Amino acid sequence: MSRKILQGIKVLDLTNVLSGPFTTLHLALLGAEVIKVENPKDGDLARKLGIVPALNKQLMGTSFLAQNCNKQSITLNTKAPEGKDLFRRLVLDADVVVENFRPGVMARLGLDYATLSALNPRLIYCAISGFGQTGPDALKPAYDQIIQGLSGEMAVNGDERLSPLRTGFPVCDTVGGLNAAFAVMAALFHRERTGEGQFIDVALLDSIMPLMGWVAANLLIGGEQPTLMGNDNFTAAPSGTFCTQDGHINIAANKQEQWEAVCDVLGVPELKTDPRFQERDTRKKNRRELTPLLEARLSQKPTGFWVMELNLKDVPSGEILGLEAALRQPQVEHRQVLQKVPVAGFGDIEVFGLTARFDKTPGAVETPPPTLGEHNAQVYGALGLSEAEQSELKAKGVI
């Protein structure tokens, strides 16, 4: 049996909803023992978020199911003195703590990095928040859409008819989660060499901005404000979305030879020497004139035909799929991007697995998302608490 990359690493996961759970999901898929620490009443808010009401009532909403495979769940009231004590005991042999509370919450609980690192100097503590732990906006509340707006991400989407435009999924939360997972892995590597734990401060606002590097570089270095171009790509032409006989096609002719191949495939070789389109930068300026000329030919045949012909000439092109068709396309199935896992009382569900392929240390979805407090007996028993002690703590609302 192959060893997992993070086998033997223990993570205490105090996170809720998306950014933090997305972080710890990736650690869990890499083999870490992730113990999700949830409030005894109703746990992670994501347990009640989703489009299947029956699952929400069971505290197993689709939003929770999507992000929490391979994890254990315990309940713990960290506001209660006994709860604080139990958490400190858990920290003694933990490697990582991840939380996504607003700055200051953990300090008020007496469970901040300074306190916990005194108990366990090797501890890596990752705090995820909207704006970071310091600065003029640090204490403001934030959800994904707020960060999308404040980051400039919404302002560079859409066109003159529809802008600002929100990305159709919580891109800031998920990118923030990936950034935090990357940071935890880097900190573990540092600890491997030095023995030192450390504090990691991840902000969603910081995390999303580098993804706009090309657009930002045009402004910061070239002094050019973003242009709203809809589905067109500002780096080249023709590069964007075009109408065909039966729908739309994406074409990305970013190189001169690809542009010339487009002309040949579409049967318009005269455009190669047209002064409006001959050179790359000139084509970009005249894309409004170019697009209808190309669509006049593209509209004569279906998308599938053009995708095949253009790809044969090494021109990147593809259909624009709906979500269901995208999830079911042969390449995605071949790569096993989706994996099945059984959920008690519901049956098999499909979730995303680890999308990096390791030949020596593969990661996989192995256990379903846990029910609330499913692993209380296991985890607290390992701490030395008897069944009677656990029952007493449960009666008090501590666990």
**OP:** Please sort 273-279, 175-181 by packing, taking for each peptide the average over its residues of neighbouring beta carbons within 10 angstrom, highest first.
**Re:** 175-181, 273-279
Original post:
By count of other Cβ within 10 Å, fewest leading, how are Arg335, Arg161 ordered?
Top reply: Arg161, Arg335
**OP:** Please report the relative contact order for the chain, taking Cα pairs under 8 Å with a sequence separation of at least 6, and give it as a percent rounded to a whole number.
**Re:** 19
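Given N residues in the range 273-399, what is its alpha carbon radius of gyration divided by 2.2 N^0.38 Å? Don't jump to the answer; show the numbers that get you there.
Working: Rg = 27.7 Å, N = 127, 2.2 N^0.38 = 13.9 Å.
Output field value: 2.00.
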Original post:
Can you list residues whose amide H is under 5 Å from Val343's amide H, if they're 5+ apart or on another chain and H is modeled 1.01 Å from N?
Top reply: Asp348, Ile349
Original post:
Per-residue HN-Hα couplings for the range 359-375, Karplus 6.51 cos²θ - 1.76 cosθ + 1.60 at θ = phi - 60°, whole Hz, x for Gly and Pro?
Top reply: 7, 9, 10, x, x, 8, 6, 10, 9, x, x, x, 6, 4, x, 4, 10
Original post:
What distance in nm separates the simple spin-label points at His190 and Ser163, each placed 7 Å from Cα in the Cβ direction?
Top reply: 3.9
**OP:** Report, ordered by chain and residue number, the lysines lying within cross-link reach of Lys272, taken as a straight Cα distance under 25 Å and ignoring same-chain residues fewer than 8 apart.
**Re:** Lys255, Lys284, Lys285, Lys301, Lys313
Original post:
Karplus couplings for the range 123-137 from phi (6.51 cos²θ - 1.76 cosθ + 1.60, θ = phi - 60°), rounded to Hz, Gly and Pro as x?
Top reply: 5, 9, 10, 10, 10, 10, 8, x, 10, x, 7, 9, x, x, 10
Original post:
With the radius of gyration and the Kirkwood radius both derived from the Cα set of the range 1-72, what is their ratio Rg to Rh?
Top reply: 1.02
Original post:
Taking the DSSP beta bridges in the chain as the whole, what percent of them are antiparallel, to the nearest 5?
Top reply: 40
Original post:
Using the C-alpha atoms of the range 248-319, what convex hull volume per residue, in cubic angstrom, is computed?
Top reply: 76
**OP:** Take the Cα atoms of the range 192-255, find their three principal axes, and give me the spread along each one in whole Å, biggest first.
**Re:** 62, 32, 24
Subject >> Neighbour-count order for His334, His248, fewest beta carbons within 10 angstrom listed first >> reply: His334, His248
**OP:** Measure off 7 Å from each Cα along the Cα-to-Cβ vector at Ser2 and Leu327, then give the distance between these two points in nanometres to one decimal.
**Re:** 2.6
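Need one number: the % of Cα-Cα pairs in the chain sitting beyond the 41 Å mark.
Summing the P(r) of the chain above 41 Å gives 28 percent of all pairs.
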Original post:
For the range 270-284 and the range 348-392, what is the separation of their Cα centres, given in Å?
Top reply: 59
Subject >> Contact order normalised by residue count of the range 248-319, Cα under 8 Å, 6+ apart, percent >> reply: 48
Subject >> Relative packing of 198-205, 147-154, 131-138, which averages over residues the other C-beta atoms within 10 Å, highest first >> reply: 198-205, 147-154, 131-138
**OP:** Calculate, in nm to one decimal, what Arg89 and Asp348 gain on full extension: separation in residues at 0.36 nm each, minus their alpha carbon distance.
**Re:** 89.7 nm
Original post:
If one computes the Cα centroid of the range 150-224 and of the range 70-125, what distance in Å separates the two points?
Top reply: 26
Original post:
Mind listing the phi-derived Karplus ³J(HN,Hα) values for the range 235-251, rounded to whole Hz, using 6.51, -1.76 and 1.60 with θ = phi - 60°, and x for any glycine or proline?
Top reply: 7, 7, 8, x, 8, x, 10, 9, 7, 10, 5, 10, x, 9, 9, 8, 10
**OP:** Show the residues, 5+ positions off or on another chain, whose built amide H is closer than 5 Å to the amide H of Val34.
**Re:** Val11, Gln72
Original post:
With each run of n ≥ 4 DSSP H residues scored as -39500 (n - 2.57), what mean residue ellipticity at 222 nm is computed for the chain after dividing by its residue count and rounding to the nearest 500 deg cm²/dmol?
Top reply: -10500 deg cm²/dmol
Original post:
Long-range amide H contacts for Ile124: which residues qualify at under 5 Å (H placed 1.01 Å from N, peptide plane, sequence gap of 5 or more or a different chain)?
Top reply: Val96, Val97, Gln198
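Values in this text are rule-based calculations from the coordinates and carry no lab data. All figures in this text were calculated on a predicted structure; none of them were measured in a lab. Ideal geometry is used to build each Cβ from the backbone, glycine not excepted, and the neighbour counts take in all protein chains shown.
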